[in-house]
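One structure is given here, and the rest of the page talks about it.
The values are calculated or read from the model by the stated rules, or taken from the named source; none is laboratory data. Since this is a predicted model, take the numbers as computed values, not measurements. Quick reminder, even Gly has a Cβ in these numbers, built from the backbone with ideal geometry, and neighbours come from all protein chains shown. To get the accessible areas, we keep the full protein, side chains included, count just its heavy atoms, and leave off ligands, DNA and RNA. Shrake-Rupley method; radii C 1.70, N 1.55, O 1.52, S 1.80 Å.
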Amino acid sequence: MFKEMLEYDETLFKDELVLDYEYLPKILKFRENQQQHFATTIKPLLQKRNGSNLFIYGTPGIGKTAACKHVLRELELETDLVIPLYINCWKHDTVYKILVEMCEQLKYKWVQNKKTDELMKAIAEILNQKAAVFVLDEVDKLKEQQIIYQLLEDIYKKCIFMITNDKDCLAKLDQRVKSRLLPEMLEFKPYNYDETKGILEERKNAGFFPGVFSEQAFEKIAETCFEREDIRVGIFLLKQSANNAENKSQRKVLVDHVETEKLDRFEKAKIKVDDDDKTILNIVKEKPGLSIASIYEIFSKNSDKSLRTVRRRIERLRDLKQVIFEETPTGSVVK
Ligand SMILES: Nc1ncnc2c1ncn2[C@@H]1O[C@H](COP(=O)(O)OP(=O)(O)OP(=O)(O)O)[C@@H](O)[C@H]1O
Ligand SMILES: [Mg+2]
(Lines give C-alpha, C1' and ligand atoms only; values in the text may rest on other atoms or scores of the structure.)
(Ligands and ions follow the chains in the order given, each with its own letter.)
Protein backbone atom coordinates (compact mmCIF):
# COMPACT_ATOMS: atom_id res chain seq x y z
CA MET A 1 0.00 0.00 0.00
CA PHE A 2 2.74 2.45 0.92
CA LYS A 3 4.64 1.83 -2.29
CA GLU A 4 2.02 3.86 -4.11
CA MET A 5 2.53 6.81 -1.79
CA LEU A 6 4.95 9.64 -2.33
CA GLU A 7 7.55 10.39 0.32
CA TYR A 8 7.29 13.92 1.72
CA ASP A 9 10.28 15.08 -0.32
CA GLU A 10 9.36 13.33 -3.56
CA THR A 11 7.69 14.96 -6.52
CA LEU A 12 6.08 14.00 -9.81
CA PHE A 13 7.46 17.10 -11.55
CA LYS A 14 10.76 16.64 -13.38
CA ASP A 15 10.98 20.20 -14.74
CA GLU A 16 8.33 22.76 -13.84
CA LEU A 17 9.74 25.39 -16.20
CA VAL A 18 8.61 23.30 -19.15
CA LEU A 19 5.07 23.67 -17.91
CA ASP A 20 5.20 27.43 -18.04
CA TYR A 21 2.98 28.95 -20.74
CA GLU A 22 5.90 31.10 -21.87
CA TYR A 23 8.19 28.11 -22.34
CA LEU A 24 9.36 27.73 -25.91
CA PRO A 25 10.01 24.12 -27.00
CA LYS A 26 13.21 23.48 -29.00
CA ILE A 27 11.22 22.16 -31.94
CA LEU A 28 7.77 23.47 -32.69
CA LYS A 29 5.80 20.79 -34.45
CA PHE A 30 2.65 21.21 -36.53
CA ARG A 31 3.31 24.84 -37.39
CA GLU A 32 5.87 24.18 -40.11
CA ASN A 33 3.80 25.87 -42.84
CA GLN A 34 3.23 29.02 -40.84
CA GLN A 35 6.90 29.20 -39.81
CA GLN A 36 7.85 28.78 -43.46
CA HIS A 37 5.50 31.64 -44.30
CA PHE A 38 7.25 33.86 -41.72
CA ALA A 39 10.65 32.90 -43.11
CA THR A 40 9.63 33.62 -46.70
CA THR A 41 8.36 37.04 -45.67
CA ILE A 42 11.63 37.83 -43.90
CA LYS A 43 13.90 36.46 -46.64
CA PRO A 44 14.15 39.65 -48.77
CA LEU A 45 15.76 41.36 -45.75
CA LEU A 46 18.61 38.84 -45.91
CA GLN A 47 19.10 39.89 -49.52
CA LYS A 48 19.23 43.55 -48.49
CA ARG A 49 15.82 44.27 -49.95
CA ASN A 50 12.76 45.52 -48.13
CA GLY A 51 10.45 42.92 -46.61
CA SER A 52 6.66 42.81 -46.45
CA ASN A 53 4.21 42.75 -43.58
CA LEU A 54 2.02 40.06 -42.06
CA PHE A 55 -1.22 40.17 -40.13
CA ILE A 56 -1.46 36.98 -38.08
CA TYR A 57 -4.75 36.07 -36.45
CA GLY A 58 -6.43 33.18 -34.70
CA THR A 59 -8.03 32.13 -31.40
CA PRO A 60 -6.01 31.99 -28.14
CA GLY A 61 -3.53 29.26 -27.27
CA ILE A 62 -2.82 27.81 -30.71
CA GLY A 63 0.83 28.66 -31.19
CA LYS A 64 0.84 32.10 -32.84
CA THR A 65 3.33 33.63 -30.42
CA ALA A 66 5.32 30.42 -30.10
CA ALA A 67 5.68 29.97 -33.88
CA CYS A 68 6.73 33.58 -34.32
CA LYS A 69 9.28 33.51 -31.50
CA HIS A 70 10.66 30.32 -32.92
CA VAL A 71 11.37 31.92 -36.26
CA LEU A 72 12.96 34.94 -34.57
CA ARG A 73 15.23 32.60 -32.60
CA GLU A 74 16.33 30.85 -35.79
CA LEU A 75 16.87 34.19 -37.48
CA GLU A 76 19.14 35.33 -34.66
CA LEU A 77 21.23 32.19 -35.02
CA GLU A 78 21.37 32.63 -38.79
CA THR A 79 22.44 36.25 -39.23
CA ASP A 80 23.50 39.50 -37.59
CA LEU A 81 22.15 41.56 -40.44
CA VAL A 82 18.50 41.38 -39.45
CA ILE A 83 17.52 42.43 -35.95
CA PRO A 84 14.40 40.86 -34.46
CA LEU A 85 12.38 42.94 -32.01
CA TYR A 86 9.47 41.31 -30.21
CA ILE A 87 7.00 43.60 -28.47
CA ASN A 88 4.00 42.56 -26.44
CA CYS A 89 1.64 45.50 -27.03
CA TRP A 90 -0.36 44.68 -23.96
CA LYS A 91 2.63 45.22 -21.73
CA HIS A 92 3.96 48.08 -23.84
CA ASP A 93 0.93 49.89 -25.19
CA THR A 94 2.15 53.43 -25.94
CA VAL A 95 4.72 54.75 -28.41
CA TYR A 96 7.04 55.74 -25.59
CA LYS A 97 6.81 52.41 -23.76
CA ILE A 98 7.46 50.50 -26.96
CA LEU A 99 10.48 52.60 -27.83
CA VAL A 100 11.93 52.16 -24.36
CA GLU A 101 11.43 48.40 -24.65
CA MET A 102 13.13 48.42 -28.07
CA CYS A 103 16.08 50.35 -26.62
CA GLU A 104 16.37 47.72 -23.93
CA GLN A 105 16.38 44.92 -26.50
CA LEU A 106 18.93 46.80 -28.58
CA LYS A 107 21.02 47.40 -25.43
CA TYR A 108 20.90 51.13 -26.09
CA LYS A 109 21.52 52.72 -22.72
CA TRP A 110 21.04 56.46 -23.12
CA VAL A 111 17.28 56.40 -22.67
CA GLN A 112 16.92 58.70 -19.69
CA ASN A 113 15.78 62.26 -20.33
CA LYS A 114 15.13 61.48 -23.98
CA LYS A 115 11.81 62.37 -25.53
CA THR A 116 9.82 60.05 -27.74
CA ASP A 117 11.08 61.46 -31.04
CA GLU A 118 14.69 61.39 -29.83
CA LEU A 119 14.34 57.75 -28.91
CA MET A 120 12.81 56.98 -32.30
CA LYS A 121 15.72 58.70 -33.99
CA ALA A 122 18.28 56.76 -31.97
CA ILE A 123 16.55 53.48 -32.76
CA ALA A 124 16.29 54.31 -36.47
CA GLU A 125 20.01 55.08 -36.54
CA ILE A 126 20.81 51.64 -35.18
CA LEU A 127 18.30 49.71 -37.25
CA ASN A 128 18.90 51.49 -40.53
CA GLN A 129 22.45 50.16 -40.61
CA LYS A 130 20.87 46.74 -40.88
CA ALA A 131 17.30 45.48 -41.27
CA ALA A 132 14.64 44.69 -38.67
CA VAL A 133 11.72 42.38 -38.02
CA PHE A 134 9.15 43.88 -35.68
CA VAL A 135 6.67 41.58 -34.04
CA LEU A 136 3.79 43.48 -32.49
CA ASP A 137 2.04 40.77 -30.49
CA GLU A 138 -1.47 41.39 -29.04
CA VAL A 139 -1.57 44.35 -31.40
CA ASP A 140 -5.27 45.01 -30.73
CA LYS A 141 -4.23 46.18 -27.24
CA LEU A 142 -2.04 48.93 -28.67
CA LYS A 143 -3.24 52.34 -27.46
CA GLU A 144 -1.24 54.48 -29.89
CA GLN A 145 -1.10 53.20 -33.42
CA GLN A 146 1.29 55.99 -34.55
CA ILE A 147 4.10 53.61 -33.62
CA ILE A 148 3.21 51.50 -36.66
CA TYR A 149 3.24 54.60 -38.83
CA GLN A 150 6.63 55.64 -37.48
CA LEU A 151 8.20 52.25 -38.02
CA LEU A 152 6.84 52.22 -41.56
CA GLU A 153 8.20 55.67 -42.28
CA ASP A 154 11.49 55.76 -40.37
CA ILE A 155 12.90 52.25 -40.81
CA TYR A 156 14.01 51.47 -44.34
CA LYS A 157 14.29 47.70 -44.45
CA LYS A 158 11.83 45.90 -42.26
CA CYS A 159 9.00 43.44 -41.84
CA ILE A 160 6.19 44.18 -39.44
CA PHE A 161 4.32 41.17 -38.05
CA MET A 162 1.16 41.91 -36.14
CA ILE A 163 -0.45 39.16 -34.06
CA THR A 164 -3.96 39.23 -32.64
CA ASN A 165 -7.09 37.30 -31.67
CA ASP A 166 -9.20 40.04 -33.15
CA LYS A 167 -9.25 39.90 -36.91
CA ASP A 168 -11.34 43.08 -37.08
CA CYS A 169 -8.66 45.24 -35.48
CA LEU A 170 -6.94 45.66 -38.84
CA ALA A 171 -9.99 47.45 -40.21
CA LYS A 172 -9.85 49.85 -37.26
CA LEU A 173 -6.38 51.13 -38.18
CA ASP A 174 -5.98 54.58 -39.61
CA GLN A 175 -6.21 54.69 -43.39
CA ARG A 176 -2.70 56.16 -43.68
CA VAL A 177 -1.28 53.26 -41.71
CA LYS A 178 -3.34 50.68 -43.59
CA SER A 179 -2.34 51.86 -47.02
CA ARG A 180 1.36 51.79 -46.12
CA LEU A 181 1.16 48.47 -44.32
CA LEU A 182 -0.81 46.39 -46.84
CA PRO A 183 -0.18 43.21 -44.87
CA GLU A 184 -0.60 39.69 -46.08
CA MET A 185 -3.13 37.81 -43.94
CA LEU A 186 -2.12 34.60 -42.19
CA GLU A 187 -4.71 32.65 -40.25
CA PHE A 188 -3.84 30.14 -37.55
CA LYS A 189 -6.44 27.40 -37.14
CA PRO A 190 -6.80 25.26 -34.01
CA TYR A 191 -4.90 21.96 -33.86
CA ASN A 192 -6.66 18.67 -34.65
CA TYR A 193 -6.89 15.94 -32.01
CA ASP A 194 -3.67 14.11 -32.94
CA GLU A 195 -1.68 17.33 -33.05
CA THR A 196 -3.10 18.45 -29.70
CA LYS A 197 -2.23 15.10 -28.14
CA GLY A 198 1.25 15.13 -29.68
CA ILE A 199 2.02 18.59 -28.31
CA LEU A 200 0.82 17.65 -24.83
CA GLU A 201 2.68 14.33 -24.91
CA GLU A 202 5.90 16.21 -25.55
CA ARG A 203 5.23 18.64 -22.72
CA LYS A 204 4.29 15.78 -20.38
CA ASN A 205 7.48 13.85 -21.16
CA ALA A 206 9.65 16.91 -20.64
CA GLY A 207 7.85 18.09 -17.50
CA PHE A 208 7.19 14.88 -15.54
CA PHE A 209 8.98 11.69 -14.57
CA PRO A 210 8.14 8.67 -16.74
CA GLY A 211 4.90 6.83 -16.07
CA VAL A 212 3.42 9.55 -13.86
CA PHE A 213 0.21 9.84 -15.86
CA SER A 214 -2.22 6.96 -16.26
CA GLU A 215 -3.29 6.56 -19.87
CA GLN A 216 -6.88 7.40 -18.98
CA ALA A 217 -5.92 10.60 -17.19
CA PHE A 218 -3.80 11.76 -20.09
CA GLU A 219 -6.53 10.93 -22.61
CA LYS A 220 -8.99 13.00 -20.62
CA ILE A 221 -6.59 15.94 -20.63
CA ALA A 222 -5.93 15.65 -24.37
CA GLU A 223 -9.64 15.37 -25.17
CA THR A 224 -10.60 18.35 -23.02
CA CYS A 225 -7.77 20.39 -24.52
CA PHE A 226 -8.87 19.48 -28.04
CA GLU A 227 -12.50 20.41 -27.29
CA ARG A 228 -11.42 23.81 -25.92
CA GLU A 229 -9.06 24.38 -28.86
CA ASP A 230 -6.45 25.95 -26.56
CA ILE A 231 -3.12 24.26 -25.72
CA ARG A 232 -2.91 26.24 -22.48
CA VAL A 233 -5.92 24.27 -21.22
CA GLY A 234 -3.93 21.05 -21.65
CA ILE A 235 -0.83 22.45 -19.96
CA PHE A 236 -2.99 23.78 -17.12
CA LEU A 237 -4.63 20.37 -16.64
CA LEU A 238 -1.28 18.54 -16.68
CA LYS A 239 -0.07 20.76 -13.83
CA GLN A 240 -3.32 20.83 -11.91
CA SER A 241 -3.91 17.05 -11.99
CA ALA A 242 -0.31 16.29 -10.97
CA ASN A 243 -0.67 18.74 -8.08
CA ASN A 244 -3.89 17.03 -7.04
CA ALA A 245 -2.16 13.64 -7.11
CA GLU A 246 0.79 15.00 -5.12
CA ASN A 247 -1.48 16.54 -2.53
CA LYS A 248 -2.96 13.10 -2.01
CA SER A 249 0.57 11.64 -1.89
CA GLN A 250 -0.13 9.54 -4.98
CA ARG A 251 2.61 8.41 -7.32
CA LYS A 252 0.30 8.24 -10.28
CA VAL A 253 -2.09 10.79 -11.78
CA LEU A 254 -5.45 9.10 -12.19
CA VAL A 255 -8.49 10.21 -14.15
CA ASP A 256 -10.18 11.54 -11.00
CA HIS A 257 -7.31 13.93 -10.44
CA VAL A 258 -8.15 15.75 -13.68
CA GLU A 259 -10.69 18.40 -12.71
CA THR A 260 -12.19 19.87 -15.85
CA GLU A 261 -14.90 21.76 -13.93
CA LYS A 262 -12.42 24.46 -12.98
CA LEU A 263 -11.79 25.57 -16.52
CA ASP A 264 -14.17 28.53 -16.59
CA ARG A 265 -11.31 30.95 -16.89
CA PHE A 266 -10.37 29.44 -20.22
CA GLU A 267 -13.69 30.25 -21.82
CA LYS A 268 -12.15 33.25 -23.51
CA ALA A 269 -12.03 31.48 -26.88
CA LYS A 270 -15.80 31.60 -27.04
CA ILE A 271 -16.05 34.82 -25.17
CA LYS A 272 -19.52 35.88 -24.12
CA VAL A 273 -20.03 39.23 -22.48
CA ASP A 274 -23.42 40.32 -21.22
CA ASP A 275 -24.76 43.82 -20.56
CA ASP A 276 -23.18 44.08 -17.11
CA ASP A 277 -19.80 43.14 -18.57
CA LYS A 278 -20.28 45.71 -21.30
CA THR A 279 -21.09 48.40 -18.73
CA ILE A 280 -17.91 47.53 -16.81
CA LEU A 281 -15.83 47.53 -19.99
CA ASN A 282 -17.22 50.92 -20.94
CA ILE A 283 -16.33 52.35 -17.54
CA VAL A 284 -12.78 51.00 -17.85
CA LYS A 285 -12.49 52.30 -21.39
CA GLU A 286 -13.62 55.77 -20.44
CA LYS A 287 -11.60 55.90 -17.24
CA PRO A 288 -8.67 53.51 -17.32
CA GLY A 289 -6.79 53.21 -14.06
CA LEU A 290 -9.67 53.08 -11.56
CA SER A 291 -9.70 50.74 -8.58
CA ILE A 292 -12.35 48.03 -8.42
CA ALA A 293 -14.13 49.99 -5.68
CA SER A 294 -14.30 53.09 -7.88
CA ILE A 295 -15.59 51.09 -10.82
CA TYR A 296 -18.22 49.64 -8.52
CA GLU A 297 -19.22 53.11 -7.38
CA ILE A 298 -19.99 54.15 -10.98
CA PHE A 299 -21.53 50.80 -11.87
CA SER A 300 -23.87 50.79 -8.88
CA LYS A 301 -25.57 54.02 -9.95
CA ASN A 302 -27.69 51.94 -12.32
CA SER A 303 -27.58 48.55 -10.68
CA ASP A 304 -28.13 46.86 -7.34
CA LYS A 305 -25.42 44.21 -7.78
CA SER A 306 -23.08 43.75 -4.82
CA LEU A 307 -19.43 44.79 -4.76
CA ARG A 308 -18.49 41.12 -4.56
CA THR A 309 -20.39 40.31 -7.75
CA VAL A 310 -18.83 43.22 -9.58
CA ARG A 311 -15.37 42.26 -8.34
CA ARG A 312 -15.88 38.70 -9.62
CA ARG A 313 -17.06 40.07 -12.97
CA ILE A 314 -13.96 42.22 -13.29
CA GLU A 315 -11.72 39.30 -12.39
CA ARG A 316 -13.45 37.20 -15.01
CA LEU A 317 -12.93 39.94 -17.59
CA ARG A 318 -9.26 39.94 -16.66
CA ASP A 319 -9.08 36.17 -17.18
CA LEU A 320 -10.79 36.67 -20.52
CA LYS A 321 -8.03 39.13 -21.37
CA GLN A 322 -10.47 42.01 -21.70
CA VAL A 323 -8.87 44.13 -18.95
CA ILE A 324 -5.62 44.05 -17.02
CA PHE A 325 -4.80 44.76 -13.40
CA GLU A 326 -1.86 46.99 -12.74
CA GLU A 327 -0.18 47.37 -9.37
CA THR A 328 0.33 50.98 -8.30
CA PRO A 329 1.66 52.41 -5.03
CA THR A 330 -1.95 53.02 -3.98
CA GLY A 331 -3.17 49.53 -4.85
CA SER A 332 -4.36 47.57 -7.83
CA VAL A 333 -6.08 49.43 -10.71
CA VAL A 334 -7.94 48.18 -13.76
CA LYS A 335 -7.11 49.12 -17.35
N1 LIG B 1 3.03 23.39 -31.98
C2 LIG B 1 3.31 23.51 -30.69
N3 LIG B 1 4.24 22.74 -30.11
C4 LIG B 1 4.52 22.86 -28.78
N5 LIG B 1 3.92 23.73 -27.97
C6 LIG B 1 2.97 24.54 -28.49
C7 LIG B 1 2.62 24.48 -29.87
N8 LIG B 1 1.63 25.39 -30.12
C9 LIG B 1 1.39 25.98 -28.95
N10 LIG B 1 2.18 25.49 -27.96
C11 LIG B 1 2.20 25.90 -26.55
O12 LIG B 1 0.90 26.34 -26.20
C13 LIG B 1 0.94 27.51 -25.39
C14 LIG B 1 0.16 28.64 -26.07
O15 LIG B 1 0.79 28.97 -27.30
P16 LIG B 1 0.97 30.51 -27.75
O17 LIG B 1 1.39 31.32 -26.59
O18 LIG B 1 1.84 30.51 -28.94
O19 LIG B 1 -0.54 30.84 -28.13
P20 LIG B 1 -1.13 32.08 -28.95
O21 LIG B 1 -1.76 31.53 -30.18
O22 LIG B 1 -0.09 33.12 -29.10
O23 LIG B 1 -2.28 32.54 -27.96
P24 LIG B 1 -2.82 34.03 -27.58
O25 LIG B 1 -3.60 34.48 -28.76
O26 LIG B 1 -3.67 33.83 -26.37
O27 LIG B 1 -1.60 34.87 -27.31
C28 LIG B 1 2.41 27.85 -25.21
O29 LIG B 1 2.84 27.37 -23.95
C30 LIG B 1 3.10 27.10 -26.34
O31 LIG B 1 4.40 26.71 -25.98
MG1 LIG C 1 0.20 34.94 -28.08
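Here are some notes:
- Couplings 3J(HN,Hα) for the range 308-322, derived from phi with the Karplus relation 6.51 cos²θ - 1.76 cosθ + 1.60 (θ = phi - 60°), are 4, 4, 5, 4, 4, 4, 5, 5, 5, 4, 5, 5, 7, 6, 8 Hz, where x marks Gly and Pro.
- Accessible area of the range 32-187 belonging to carbon and sulfur atoms, whole % at 1.4 Å probe: 48 percent
- Counting DSSP beta bridges with both ends in the chain, the antiparallel % (nearest 5): 25 percent
- Between 0 and 90°, nearest 10: helix 95-105 axis offset from the chain longest Cα axis: 80 degrees
- Judged by the mean number of other Cβ atoms found within 10 Å, the most tightly packed of the peptides 200-207, 181-188, 58-65 leads the ranking 58-65, 200-207, 181-188.
- By the helix-only formula, in which each DSSP H run with n ≥ 4 contributes -39500 (n - 2.57) and the sum is divided by residues, the chain has a 222 nm mean residue ellipticity of -14000 deg cm²/dmol.
- 4 °C / 1.567 mPa s Stokes-Einstein diffusion coefficient of the range 116-165, Kirkwood radius on C-alpha pairs, µm²/s: 113 µm²/s
- 5 angstrom amide H check on LYS158, placed H, neighbours 5+ away: GLY51, ALA132
- What the phi angles of the range 6-12 give under the Karplus curve with 6.51, -1.76 and 1.60, with θ = phi - 60°, is a coupling list of 6, 5, 4, 9, 8, 9, 8 Hz, glycine and proline written as x.
- Accessible area of the range 275-334 belonging to carbon and sulfur atoms, whole % at 1.4 Å probe: 47 percent
- The length gained on full extension between LEU17 and SER303, counted as 0.36 nm times the residue separation minus their Cα-Cα distance, comes to 98.5 nm.
- Over the chain: Kirkwood hydrodynamic radius from C-alpha pairwise inverse distances, Å: 22.4 Å
- Restraint check, LYS69/LYS114; LYS48/LYS91; LYS141/LYS287; LYS29/LYS167, Cα-Cα greater than 21 Å: LYS69/LYS114; LYS48/LYS91; LYS29/LYS167
- For LYS14, nonlocal amide neighbours, meaning residues 5 or more places apart or on other chains whose placed amide H falls under 5 Å from its own, are PHE208, PHE209.
- Label point at LYS26 placed 7 Å out along Cα→Cβ; residues across the range 197-221 whose backbone nitrogen lies under 18 Å: 199-210
- Annotation: amide H-H contacts under 5 Å for TYR86 (H modelled 1.01 Å from N, sequence separation of 5 or more, or interchain): VAL135.
- Converting phi to 3J(HN,Hα) with the Karplus coefficients 6.51, -1.76 and 1.60 and the offset θ = phi - 60°, the range 133-146 yields 10, 9, 10, 9, 7, 6, 5, 5, 8, 5, 8, 10, 6, 4 Hz in sequence order, with x at every glycine or proline.
- For the range 275-334, the fraction of alpha-carbon pairs in successive 5 Å shells from zero, as %: 4, 19, 35, 27, 12, 2, 0
- Reducing the range 17-42 and the range 49-69 to their Cα centroids gives an inter-centroid distance of 10 Å.
- Per residue value of the accessible surface for the chain (all protein chains in place, 1.4 Å probe), Å²: 56 Å²
- Straight-line cross-link reach from LYS121 at under 12 Å between alpha-carbon atoms covers these aspartates and glutamates, not counting any fewer than eight positions away in the same chain: GLU153, ASP154.
- Cα-based helix-to-principal-axis angle, 193-207 vs the chain, degrees rounded to 10: 80 degrees
- For LYS130 and VAL273, the difference between the fully extended length at 0.36 nm per residue and the C-alpha to C-alpha distance is 46.9 nm.
- Per residue convex hull volume, Cα atoms of the range 32-187, in Å³: 103 Å³
- Residues of the range 198-221 with amide N under 20 Å of a point placed 7 Å along Cα→Cβ from GLU7: 208-212
- 0 to 90° range, to nearest 10: angle between helix 32-46 axis and the chain longest Cα axis: 20 degrees
- Bridge orientation summary for the range 32-187: considering DSSP beta bridges with both residues in this region, about 0 percent are antiparallel.
- With contacts taken as Cα pairs under 8 Å at a separation of at least 6 residues, the chain carries a relative contact order of 20 percent.
- Binned Cα-Cα distance frequencies in the range 169-325 - 5 Å width, integer %: 2, 8, 14, 13, 11, 11, 12, 11, 10, 5, 2, 1, 0
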